[in-house]
Amino acid sequence: MMSAKVYPAQSFGFKSDAIAPDKSISHRSAMFAVLAEGESRIENFLRAEDTLNTLKIVGHLGAEIQDDGSVITIRSHGIHETSEILDCGNSGTGMRLFCGLLSSAEGHFVLTGDEYLKRRPMKRVTGPLRSIGANLDGRNNGDLAPLSIRGASLKAFEYLSPIASAQVKSAMILAALRSDGVCTFREPELSRDHTERMLRGMGARVEVNGLETKIWPLEKPLKPLTIRVPADPSSAFFFAVAAAIIPGSSAIIEGVTLNPTRIEAFKVLERMGAKITYSLTDERYEPIGTIRVEHALLHAVTVEENIAWLIDELPALSIAMACAEGKSLIKNAEELRVKESDRIKTVVDNLNLCGIETEEFPDGYAVIGGELKSALVNSFGDHRIAMSFLIAGLKCGMEVEDIECINTSFPNFFELLGMCTKVEQ
């Protein structure tokens with residue numbers, strides 16, 4: 001088990017166009033290319049373990065893939081049965097979206113993952129897919145991987161999701177594209193919308209009206225993708241927090257998606273007092289631009305709305321809360337319990353080790369701002385926990401165990417962290 005030690009930072013000016021490419025869009029660009037006719041071209045694809053596993057699966061399903069190190073081209077010949085076990089690694093996005101994609105494909109497919117993914121709940125996807133005719137099973141009555149999928153004819157549906165989840169919504173949209181009629185998906189609050197935007201750009205008929213999404217079955221293959229994957233705001237947010245908590249510091253992050261469903265964490269950091277500006281530079285599949293963050297004295301905040309828009313950033317946001325004046329609250333975030341780790345417990349326990357007082361609730365926690373202290377903490381195999389507490393180390397010094405997981409989403413994280421401080425691995 002590898003660990004990393006971070007030393008406290010002086011003020012820094014961080015500017016980079018090398019933030020990891022967006023993970024969500026990278027996954028989807030590879031998957032959706034399978035539904036297209038012709039050659040899809042993907043620039044700036046995230047070459048991390050999770051997304052490379054998705055690309056490998058696409059190849060196993062019969063697509064021709066070429067990678068010259070700059071552009072990935074994918075030519076689909078439809079989805080074909082494979083003798084390979086399809087390994088999603090650590091990616092819940094990969095496994096859940098492939099459930100929707102493969103549920104109507106001719107053949108039998110098996111999805112698996114690493115020790116952490118095999119403990120994560122899948123019934124939130126397998127349940128609704130089964131209800132429309134999908135032949136899908138797994139351990140614990142379909143709730144745990146490995147998952148077995150035998151393609152079936154799918155019925156049109158009107159589905160009211162009990163949770164706001166882009167993964168559930170995306171799986172159902174992919175199933176709807178090859179169902180026997182017009183489908184309707186409703187959610188309790190708007191979740192991230194990359195799937196809807198990208199599929200519409202490829203020619204699918206997907207209409208969004210508030211919390212309701214209507215999907216029409218495909219009458220012909222989708223148009224191929226030509227996309228440059230923008231920088232991932234979830235990855236950029238670690239360095240936004242770093243700039244916000246270190247006096248005299250600033251961060252400029254270029255080429256990042258400014259999709260409103262993806263920058264909510266930046267909006268919360270603004271509410272806490274950080275100085276943040278946005279500038280739009282491009283807009284095709286996604287709005288893309290530059291985010292600038294400057295240090296300011298932070299104050300406590302309550303976060304209880306749009307949780308689905310910032311669920312991945314809450315661990316890093318908790319570091320900002322620990323450095324803020326007052327008592328911050330996170331509510332309605334029970335989804336944190338079933339991420340790569342139980343993020344409520346791991347954040348609370350690790351903050352306590354750092355001398356920060358917390359309160360734990362079933363659906364969230366409170367963080368009482370104070371003086372962060374150097375500690376030895378464990379990521380529990382969760383990349384966002386690992387990176388959040390390494391960022392905390394810029395304030396006070398920190399050693400984090402089990403850091404291999406960072407490669408699942410942000411392979412050059414340590415290179416960029418080294419621009420701010422001294423790091424030992």
Problem set entry | segment 166-180, subset open to solvent by 10 Å² or more (accessible area, probe 1.4 Å) and of a type outside the set (S, T, N, Q), residue farthest from the chain's Cα centre (by Cα) | ASP180
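Could you grab me the full set of residues in segment 338-378 that are among the hydroxyl-bearing types (Ser, Thr, Tyr) and over 17 Å from the mean Cα position of the chain (by Cα)? Show your work before the answer.
Taking segment 338-378 as the starting set, the residues that turn out to be among the hydroxyl-bearing types (Ser, Thr, Tyr) are 341, 346, 358, 365, 374.
Passing the criteria: THR346, THR358, TYR365, SER374.
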For this session: Determine which member of the set ILE65, ILE74, ILE57, ILE85 is out of contact with any Leu (no Cβ under 6 Å at 6 or more places or on another chain), buried (at least 24 other Cβ atoms within 10 Å of the Cβ) and of a type in the set (A, V, I, L, M).
Result: ILE74
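Looking at SER103, SER26, can you tell me which residue is farther than 21 Å from PHE237 by Cα, open to solvent by less than 10 Å² (accessible area, probe 1.4 Å) and among the polar types (S, T, N, Q)? Please lay out each step first, then the result.
On the way: SER26 fails: farther than 21 Å from PHE237 by Cα.
The match here is SER103.
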Seminar exercise, completed: Subset of segment 44-54, residues in contact with a Gly (Cβ under 8 Å, 6 or more places away or on another chain) and open to solvent by 60 Å² or more (accessible area, probe 1.4 Å), comes to GLU49
Seminar exercise, completed: segment 303-396: strands (runs of 3 or more DSSP E) wholly inside it with 1 or more residues that are open to solvent by 40 Å² or more (accessible area, probe 1.4 Å) and in contact with an Asp or Glu (Cβ under 6 Å, 6 or more places away or on another chain) are 364-368, 376-378
Seminar exercise, completed: PHE14 vs (1) open to solvent by 40 Å² or more (accessible area, probe 1.4 Å); (2) not in a loop (DSSP other than H, G, I, E, B): all pass except (1)
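Got a number for residues in segment 397-418 being among the hydrophobic types (A, V, I, L, M, F, W, C) and part of a helix (DSSP H, G or I)? Full working, then the answer.
So in segment 397-418, the residues among the hydrophobic types (A, V, I, L, M, F, W, C) come out as 398, 400, 403, 405-406, 410, 413-414, 416-417.
Checking which are part of a helix (DSSP H, G or I) leaves us with 405-406, 413-414, 416-417.
Residues meeting the conditions: 6.
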Exercise. Does segment 414-422 contain any residue that is more than 24 Å from the chain's Cα centre (by Cα), buried (at least 17 other Cβ atoms within 10 Å of the Cβ) and modelled with pLDDT of 95 or more?
Worked result: no
Exercise. Can you tell me which of ILE19, ILE42, ILE72 is more than 23 Å from GLY133 (Cβ to Cβ) and without any contact (Cβ under 8 Å) to a residue 60 or more places away in the chain?
Worked result: ILE72
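Any idea which residue in segment 184-207 is surrounded by the most Cβ atoms within 10 Å (Cβ to Cβ), counting only those that are within 20 Å of MET31 (Cβ to Cβ) and free of Cβ contacts under 8 Å to residues at least 40 places away in the same chain?
Keep residues of segment 184-207 that are within 20 Å of MET31 (Cβ to Cβ), which gives 185, 191-206.
Still in the list and also free of Cβ contacts under 8 Å to residues at least 40 places away in the same chain: 185, 196, 200, 203-206.
Numbers: PHE185: 26, GLU196: 20, ARG200: 15, GLY203: 16, ALA204: 23, ARG205: 14, VAL206: 21.
Top of the filtered list is PHE185.
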Exercise. Residues of segment 260-301 being open to solvent by less than 10 Å² (accessible area, probe 1.4 Å) and touching a His at 6+ places or on another chain (Cβ under 7 Å), which ones?
Worked result: MET272
Exercise. Here are some residues: PHE109, PHE45, PHE98. Which one is of a type in the set (A, V, I, L, M, F, W, C), over 20 Å from MET198 (Cβ atoms) and either at pLDDT 95 or above or not in a loop (DSSP other than H, G, I, E, B) (or both)?
Worked result: PHE109
For this session: Quick one: GLY248 ticks every box in (1) touching a strand residue (DSSP E or B) at 6+ places or on another chain (Cβ under 7 Å); (2) more than 23 Å from SER161 (Cα to Cα); (3) of a type outside the set (Val, Ile, Thr); (4) surrounded by fewer than 24 Cβ atoms within 10 Å (Cβ to Cβ) except a single one, so which number is it?
Result: (1)
For this session: Starting from segment 152-164, take each residue that is closer than 14 Å to LEU174 by Cα and open to solvent by 30 Å² or more (accessible area, probe 1.4 Å) and list its partners that are among the charged types (D, E, K, R) and part of a loop (DSSP other than H, G, I, E, B), counting only C-beta distances under 7 angstrom and pairs at least six apart or across chains.
Result: SER153/ASP180; LYS155/ASP180; ALA156/ASP180
For this session: Show the residue pairs that are 6+ apart or on different chains and have beta-carbon atoms under 7 Å apart, the first residue being within segment 89-112 and in contact (Cβ under 8 Å) with a residue 24 or more places away in the chain and more than 17 Å from ILE173 (Cα to Cα), the second being open to solvent by less than 10 Å² (accessible area, probe 1.4 Å) and aromatic (Phe, Trp, Tyr).
Result: LEU111/PHE98
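The values are calculated or read from the model by the stated rules, or taken from the named source; none is laboratory data. These figures come from a predicted structure and were not determined experimentally. No Cβ is skipped: glycine too gets one built from the backbone with ideal geometry, and neighbour counts run over all protein chains shown. We work out accessible area using only protein heavy atoms, side chains counted, and drop any ligands, DNA or RNA first. Shrake-Rupley method; radii C 1.70, N 1.55, O 1.52, S 1.80 Å.
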